[in-house]
Amino acid sequence: MGMDRETLERTLTVDGEKFDVAERPDEPGTYDFTWLTGPNPDYGFTTRVHGADSLSTQQLEDSAREFLGQVDPDTGYIE
């Protein structure tokens, strides 16, 4: 059995919005984003990558930008 991966946790700022990002230790390549500056508490998204150990900071930022591009500015949710 291999060693457990440490959870990758960080705060990213993307286009003025802040996200807590955590990689799931038991699911390498799976990241949970919590939108800290959004209008809805605890709202966010999950992204997954297959066949890679982890995403780069640029890839994480790109995922957050894609999410923000889908959010309805009136509701703060993806409609």
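The values are calculated or read from the model by the stated rules, or taken from the named source; none is laboratory data. No experiment lies behind these values; they were computed from the predicted model shown. For neighbour counting, all protein chains shown are included, and Cβ atoms are generated from backbone atoms with ideal geometry for every residue, glycine included.
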| said: Name the single residue that is nearest to residue 70 (Cα to Cα) among those in region 21-54 being surrounded by 15 or more Cβ atoms within 10 Å (Cβ to Cβ) and charged (D, E, K, R). | reply: 32
| Number of the exception - residue 15 against (1) modelled with pLDDT of 90 or more; (2) touching a Leu at 6+ places or on another chain (Cβ under 9 Å); (3) surrounded by 11 or more Cβ atoms within 10 Å (Cβ to Cβ) | (3)
